[in-house]
Every structure is written in structure tokens, then in C-alpha cells.
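Participant: My questions all concern the structure below.
Only the coordinates and a few stated rules stand behind these numbers; no lab work does. None of the values given here were measured: they were computed from a predicted structure. Every residue, glycine as well, gets a Cβ built from its backbone with ideal geometry; the counts of neighbours run over all protein chains shown.
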Amino acid sequence: MVNGNCKPMKSNLSGFHALTAKEKLDALREFADITDEEAAILRKTGALDISKAEMMIENVIGTTEYPIGVATNFLINGRDYLIPMALEEPSVVAAASYAAKLARAMGGFTATSDEPVMIGQIQLVKIKNAADAKKKIKGNKEQIFDIANKCDSVLVKFGGGVRDVEVREIETSRGVMIVVHLIVDVRDAMGANAVNTMCERVAPFLEEVTGGEARLRIISNLADKRLARSKAVWSKDQLGEDAIEKILDAYELAANDQYRCTTHNKGAMNGIDAVVLATANDFRAVEAGAHSFASRNGRYEPLSKFHKDEEGNLVGEIELPLALGLVGGATRTHPVAQIAVKLMGVKSTKEFAEVVASVGLAQNFAALRALATEGIQAGHMKLHARNIAVIGGAETEEIDAVVKKMIAKKNISVSSAKEILEEMRK
């Protein structure tokens with residue numbers, strides 16, 4: 001890196017972690033030629049102030065913001081919900097709201113979810129006799145339960161804790177490995193901290209009884225014992241038979257082509273991630289679990305499925321793992337996340353997962369409908385037009401006029417925005 005004075009700079013900033021947020025930013029100003037105006041932007045925080053941010057991650061220099069929108073019209077298991085969604089992509093909130101509105105005519109979404117059970121993995125290597133090791137582990141389940149549950153008396157008090165122990169033998173290029181799964185009910189937490197602690201505590205005991213050595217001791221993000229499902233019906237009278245046929249053609253491509261299936265699942269995750277992010281949950285874990293689950297049968301498959309019922313209505317269903325938390329972590333630290341949870345009104349992680357799965361299904365349906373009928377760009381670009389106008393140089397008082405003219409010309413682009421501005425300013 002070379003700064004504006006042509007002085008080479010290095011990234012190994014000694015003692016950087018010990019500096020205050022302001023001092024860190026001052027150091028970076030020299031490294032990257034950050035201007036006074038840019039530094040002021042980084043120092044400006046919203047609901048999440050610097051002191052709280054520094055408790056969440058390391059080397060904090062500022063915070064960032066996503067727009068938070070509210071998806072309306074959701075009727076899930078007979079109850080109305082307003083859904084907070086944090087993301088940068090236009091049309092997602094509007095599309096989810098519209099899909100939910102259409103679904104209301106047929107009763108909205110019906111959702112279910114499994115108990116909030118997570119899997120902790122303990123890897124054992126240098127096992128001399130795998131069969132004997134597995135037998136000893138299974139024979140000591142009760143002691144494993146006792147060691148693990150003593151790690152979190154609060155979790156146990158609220159009805160959580162270890163539910164089972166599973167043992168797997170895996171052949172690898174480095175020899176046979178034993179992987180022990182702790183099956184843990186984490187109640188209203190996402191569960192990573194509780195499960196990881198349990199794995200750490202149980203590992204020495206497993207080494208003792210098997211004669212092996214423990215390596216990894218960590219939660220799995222393939223939460224396939226913690227699935228959420230949602231189902232909705234969209235009326236043929238509202239959609240039209242032609243639109244339903246086109247949507248089913250689009251779905252079949254996703255079911256049979258990995259290139260399309262990847263984007264199909266991204267359509268569902270647009271909605272899911274937006275709610276997960278708004279509530280400061282771990283969207284990376286949710287993404288990893290979803291895509292792993294989509295590959296569970298040896299090929300990458302759609303998370304959602306669509307078909308016609310006997311009356312010719314469109315039926316959509318979705319199933320995926322959703323490891324979400326309402327207690328602990330950033331959800332309890334971030335003030336905006338707390339408000340987002342309050343807005344939804346969910347009281348348990350099971351209910352939370354059912355809501356999120358329903359949003360994913362709604363978003364997926366909306367994307368399929370748009371793609372199969374008028375095309376994805378028609379609505380997306382109209383909503384994106386305001387961003388385009390700003391990029392083209394429009395001031396606040398000019399934006400609406402520029403957007404209106406671009407839509408009328410059917411040319412939503414930066415060059416079009418610049419041409420319109422030039423004409424308007426003459």
C-alpha cells in the first residue's frame with residue numbers, strides 16, 4: 001500500500017489492537033489516505049455506539065448500517081406478523097409483502113418446526129480399535145450427559161441440555177476417526193457457545209475411555225435436527241392458470257439444473273437472511289446449514305418445492321435447518337436487533353424459525369412469479385431507479401423527477417439519468 005505521499009505502508013501495525021477506536025482510525029488514515037470527511041462518516045454511529053461495538057468484535061473503527069424495511073401482510077399459523085428485514089437489495093421487501101398478501105386469500109402460511117436441537121462434534125483420532133471405542137462411548141452415555149449438563153445449569157433449568165450421544169466411524173486418508181455427536185436442546189439460544197463448551201468439557205473423558213486423542217470440539221452448522229417448514233397455497237383465480245404453469249416450468253429447471261437451483265435457493269435466502277440480519281442472528285451459519293442441507297442427497301437441490309393441488313392452485317413448501325437465537329449473542333447486545341424481535345413478537349425460537357421459513361417461501365414464490373411472467377427486472381429496476389438517479393448525480397429535490405422520466409423512457413441507467421439531469425438543468 002502506498003499513501004498519497006508515495007510512502008510505502010505496511011499492514012503489520014504493531015499494537016493496533018490496544019488502540020482506542022479513534023486511534024485505530026487515525027492509524028488507518030495514514031495507511032489509506034482516509035480524508036477528514038471519510039473519518040467523520042466512520043465515527044458517526046447510530047443505535048450501536050462504539051463502546052458496544054467494541055464488545056462485539058475486535059479492532060473496531062466504526063459501524064455500518066443497512067436499511068431496515070418491514071414486510072407486511074404475513075399470516076402465519078393464523079397469526080398476523082410484521083417482519084423486519086435488513087438488506088441492501090431493492091424489491092425484496094415489496095416482493096415478500098406482495099407474496100404474503102396473495103397467500104392470505106388461501107389462509108396464509110402453515111408452519112412447523114423441530115425442537116431447538118443442535119449437534120456438537122468431538123473428533124477422536126489415533127483410535128486403535130474403533131469397534132471397542134464406540135462400545136465404550138455408548139456404555140458411558142450417562143456420564144457424558146452428566147459432564148456436559150454441568151456446563152450450563154441455566155440451560156438445564158429451562159428444560160435444555162444433552163438429549164443423546166451418537167457415535168460415527170469415518171474412514172479418512174489419515175486413518176479411522178471417531179466422531180461423537182452431542183445432541184443438545186439449546187432452548188431459545190442459537191446454541192454455539194453452550195454446545196462448544198460442552199464439547200470442550202466432554203473431550204478429555206472421551207480420550208480417557210477410548211485411548212484416542214481429541215482434535216476438533218465444535219458445533220455443526222448442519223442443524224438437520226432443527227428443521228423449519230412452511231407451506232402456502234396461491235389461488236389460481238388470483239395468479240391465473242398460465243402464470244402457474246410458467247412458475248412450475250421455472251421450478252422444474254431449478255429441480256434439474258444446479259446452475260438455476262443455486263439462484264433459486266438464493267431467492268429464498270434473500271428473505272431469510274434479511275430477517276436473520278435484522279435480528280443480529282448468525283446469517284453465515286444459517287447460509288452454510290441451508291446449502292449443506294440442499295446437498296444432503298448427493299446433489300444440490302431446491303430448498304422449496306412447488307406443485308398444483310387438485311383444484312389447480314399453486315402449492316409451495318419449504319424445509320431447511322434454521323438455528324436461530326432469541327437469547328445471548330448479538331441479539332441481546334444490539335439495540336436495533338432487540339426492537340426487531342419485539343416488532344415480530346415471537347416468543348420462542350421455534351416460532352421464530354417458523355416465521356423465517358415462511359418469509360423464505362414467500363420470497364421464493366415472488367421471485368419465481370416475477371421471473372416466469374414479466375421478468376425480474378421490471379419491478380426490480382423501478383425500485384432500483386432511485387439509486388441509479390443518485391449515482392447519476394441527482395440531488396435530493398431532483399430524484400423523483402429523474403426516476404419518473406427514466407421509467408417513462410424505459411431506460412433505467414446511469415447514462416439515462418445523466419442525460420435527463422443535463423436536460424433538466426439547462
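Participant: Using alpha carbons only, how many degrees (0 to 90, rounded to 10) separate the axis of helix 335-344 from the longest principal axis of the chain?
Facilitator: Long axis of 335-344 versus the principal axis of the chain: about 90 degrees.
Participant: Test of understanding: extend the Cα→C-beta vector of residue 164 to 7 Å, then name every residue of segment 200-224 with backbone N under 17 Å from that spot.
Facilitator: Taking a point 7 Å out along Cα→Cβ of residue 164, the residues of segment 200-224 whose backbone N falls under 17 Å are 220, 222-224.
Participant: Quick one: which residues, 5+ away or cross-chain, put their amide H under 5 Å from the amide H of residue 76? H built at 1.01 Å from N.
Facilitator: For residue 76, the qualifying residues are 81, 109.
Participant: Report the extension gain between residue 213 and residue 56 in nm, rounded to one decimal, defined as 0.36 nm multiplied by the number of residues separating them, less their alpha carbon distance.
Facilitator: 53.2 nm
Participant: Residue by residue, what Karplus-based ³J(HN,Hα) values in Hz, rounded to whole numbers, does segment 78-84 have, using 6.51, -1.76 and 1.60 with θ = phi - 60° and x for Gly and Pro?
Facilitator: Values per residue, Gly and Pro as x: x, 10, 7, 9, 10, 10, x Hz.
Participant: Output the Kirkwood hydrodynamic radius of segment 1-65, Cα pairs only, in Å rounded to one decimal. All intermediate terms of the calculation are to be shown ahead of the outcome.
Facilitator: Details: mean 1/r = 0.0792 Å⁻¹.
Computed over segment 1-65, the radius equals 12.6 Å.
Participant: Hey, another quick one. With charges set only on the Cβ (+1 for Lys and Arg, -1 for Asp and Glu), what does the dipole of segment 105-182 come to about its Cα centre, in debye to the nearest 20?
Facilitator: For this selection, approximately 400 debye.
Participant: In nanometres, what is the gap between the two model label sites at residue 424 and residue 33, each 7 Å from Cα along Cα-to-Cβ?
Facilitator: It works out to 3.2 nm between the two label points.
Participant: Still on this structure: Can you run phi through the Karplus equation (6.51, -1.76, 1.60; θ = phi - 60°) for segment 241-258 and list ³J(HN,Hα) in whole Hz, with x for Gly and Pro?
Facilitator: Along segment 241-258, the couplings run 4, 5, 5, 4, 4, 5, 5, 5, 4, 5, 5, 4, 5, 4, 6, 10, 9, 5 Hz.
Participant: Same structure, new question: Could you put 153, 348 in order, starting from the residue whose Cβ has the fewest other Cβ atoms within 10 Å? Kindly include the intermediate steps, with their values, before the conclusion.
Facilitator: Values: 153 10, 348 13.
The fewest-first ordering by Cβ neighbours comes to 153, 348.
Participant: For the chain, what is the mean residue ellipticity at 222 nm derived from helices alone (per DSSP H run of n ≥ 4: -39500 (n - 2.57); sum divided by total residues; nearest 500 deg cm²/dmol)? Present the calculation step by step, with values, prior to reporting the outcome.
Facilitator: Working: 18 runs with 213 residues, N = 426.
Estimated from H runs of four or more residues: -15500 deg cm²/dmol.
Participant: With unit charges on the beta carbons (Lys and Arg positive, Asp and Glu negative) and the dipole taken about the Cα centre of segment 212-313, which residue among 222, 302, 263 sits farthest to the positive side?
Facilitator: So the residue furthest toward the plus end is 222.
Participant: On C-alpha positions alone, give me the angle between the axis of helix 349-372 and the longest principal axis of the chain, in degrees, nearest 10.
Facilitator: 40 degrees
Participant: Once the mean 1/r over all distinct Cα pairs of the chain is inverted, what Kirkwood radius in angstroms do you read off?
Facilitator: 24.8 Å
Participant: If you don't mind, there's one more thing I want to ask. Ranked from highest to lowest mean number of other Cβ atoms within 10 Å per residue, what is the order of the peptides 330-342, 135-147, 110-122, 55-67?
Facilitator: Top to bottom by mean Cβ count within 10 Å: 110-122, 330-342, 135-147, 55-67.
Participant: If you don't mind, another one. Can you compute the charge dipole magnitude of segment 251-379 about its Cα centre, using +1 on each Lys and Arg Cβ and -1 on each Asp and Glu Cβ, nothing else charged? Give it in debye, rounded to the nearest 20.
Facilitator: 480 debye
Participant: Still on this structure, I have one more. Mind pulling the angle between the C-alpha long axis of helix 376-391 and the longest principal axis of the chain? Nearest 10 degrees, somewhere in 0 to 90.
Facilitator: The angle comes out near 70 degrees.
Participant: Name the long-range amide H neighbours of residue 326: under 5 Å, sequence gap of 5 or more, or other chain; modelled H, no Pro or chain starts.
Facilitator: Residues meeting the amide H criterion: 189, 190.
Participant: Now, a different point. Whole Å is fine, so just give me how far the alpha carbon centre of segment 26-62 lies from that of segment 340-368.
Facilitator: Each part's Cα centre sits 33 Å from the other's.
Participant: Grab the Cα-Cα distance for residue 141 and residue 20, subtract it from 0.36 nm times how many residues apart they are, and report the gain in nm with one decimal.
Facilitator: 38.7 nm
Participant: Could you point to the residue in 318, 371, 209 farthest towards the positive end of the chain's charge dipole, with +1 and -1 charges on the Cβ of Lys/Arg and Asp/Glu respectively?
Facilitator: Value computed over the given set: 209.
Participant: Compute, for the chain, the length of the dipole vector about the Cα centre, with Cβ point charges of +1 (Lys, Arg) and -1 (Asp, Glu) only. Units Debye, rounded to 20.
Facilitator: Around 660 debye, computed over the chain.
Participant: From the phi of every residue in segment 407-412, what ³J(HN,Hα) in whole Hz does the Karplus formula 6.51 cos²θ - 1.76 cosθ + 1.60 yield, where θ is phi - 60° and glycine or proline is x?
Facilitator: 5, 4, 7, 6, 9, 9
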